[in-house]
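The values are calculated or read from the model by the stated rules, or taken from the named source; none is laboratory data. Computed from a prediction, not measured in an experiment: that's the story for all the values here.
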Amino acid sequence: MHRSEGDFSNSKYWHRRVGRHAIFPALLGAARQLEVSSRLNAGSRILELSDWDPFRLVDAMEQAARREIGG
């Protein structure tokens, strides 16, 4: 898990370095079981994915952070 400090481009950098990872199917399964807050879920469509997409998660987190700070 990348530190959650709001450096979204850095998060994506590290996800590119890692590439596909064996944990991705488990992450997708866990995400589907969670009650995702409307802020994170709005427009992200993470739960509709057939494969885990860490970049989509980072984008959803960035959108939620911008809404939270009013940007």
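Among the residues of segment 44-56, those identified as part of a helix (DSSP H, G or I) and at pLDDT below 85 are I46, L47, E48. Scanning segment 8-43 for residues that are at pLDDT 60 or above, in a loop (DSSP other than H, G, I, E, B) and within 13 Å of the chain's Cα centre (by Cα) yields a total of 0.
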